[in-house]
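Structure, as structure tokens:
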Amino acid sequence: MQFSGAIHSIRCIACVVLLGSCPLAMAQYMWIDDKGIKQFSDRPPPPSVPAKRILKAPGKPVFDPNAAPAQTDAAASVPGGAPADAATGAETGAKAAPTLTERNAAFNQRRADAAAADKKAAADAQQQADTAANCDAARQNQRALDQGIRIANVDKSGERAIMTDAERAEFGKKNQKVLAGCQ
């Protein structure tokens, strides 16, 4: 019985050690990249990421986006509570990470642009297919005209009539205009 108590104690200690090491297995770094997307990794962010965009790192408290920004002593000494270097921050080109609304608007704009580009590409492809079909028909008509094959048309009353030489010449001119646009 004493032996089973020792095993039980060892199991309890092992469970505590395993549970204590679980946070080590989780992603320990969280930062916002240049595009405003939150990144998670077990490796540190690239050196190009400024420290203010690193939201979580070992030894750094987790960022709370709902918390009010902490004022420094310099900000508290300036009347109105604005930081003393606010104007210089704008001059150096420092840009705050985009908000969720801005990122959502940018995403919707990219999606609308992609849809418009797809629609334009489909319309261009359809126009090219129509042009190719018209060119093929014009080439077939030209072969028929060159071979002297009799060409019949349906007149206004719905009867079939063979083209006269004048009609063939007029048809040949129209056909040549269509073929001039074909490559």
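General remarks:
- Those residues of segment 153-183 which are loosely packed, with under 11 Cβ neighbours inside 10 Å and hydrophobic (A, V, I, L, M, F, W, C), in sequence order: Val154, Ile162, Ala166, Ala180
- One residue stands out in segment 93-135 among those that are modelled with pLDDT of 95 or more and of a type in the set (D, E, K, R): the one that is least open to solvent (accessible area, probe 1.4 Å), namely Asp124.
- Qualifying residue in segment 1-22 (condition: surrounded by 11 or more Cβ atoms within 10 Å (Cβ to Cβ) and either assigned to a loop (DSSP other than H, G, I, E, B) or modelled with pLDDT under 80 (or both)): no
The values are calculated or read from the model by the stated rules, or taken from the named source; none is laboratory data. All values derive from a computational prediction rather than experimental measurement. Ideal geometry is used to build each Cβ from the backbone, glycine not excepted, and the neighbour counts take in all protein chains shown. Ligands, DNA and RNA are excluded from the accessible area calculation, which covers all protein heavy atoms including side chains. Shrake-Rupley method; radii C 1.70, N 1.55, O 1.52, S 1.80 Å.
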